[in-house]
Amino acid sequence: MTKKNIYLTCAVLGPIIPWSVLIARFSAREPITGIFGFLFVNAYSAAFTADLVVSIFVFWIFVIHETQKTNMKNAWLYILASLTVGFCFALPLFLYFRERHLENK
């Protein structure tokens, strides 16, 4: 498998684990305290949430810089993907399109 295909596979499979956890949590009919209640329920989840927020912010900076440097288009698309689908989708998706763009140059 090429690096590009690995990135695409990760983009497709990446959201499956987080979504399955969310679906299981919501179908357990537990009281929903809101998303921030889940993100900061204890010190471990709060640390993980903070780590993820910082990682996403760094990803946004990287995407903006890299799209300008390589003359790629649609940096906003990867930022939007990280906010809607998730970082597990946006990062490999960006890397896939970056590899494809660099191959076509």
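Any read-out appearing in this document is the output of simple, stated calculations on the displayed coordinates, not a laboratory observation. Note that this is a predicted model, so its numbers are computed, not measured. FYI the Cβ positions are ideal-geometry reconstructions off the backbone, even for glycines, and counts take in every protein chain you see.
Each of 65, 101 has some number of other Cβ atoms within 10 Å of its Cβ, and from fewest to most they run 65, 101.
With viscosity 0.890 mPa s and temperature 25 °C, the Kirkwood radius over alpha carbon pairs of the range 10-105 converts through Stokes-Einstein to a diffusion coefficient of 164 µm²/s. Here the chain is treated with +1 on each Lys and Arg Cβ and -1 on each Asp and Glu Cβ, and its dipole about the Cα centre works out to around 300 debye.
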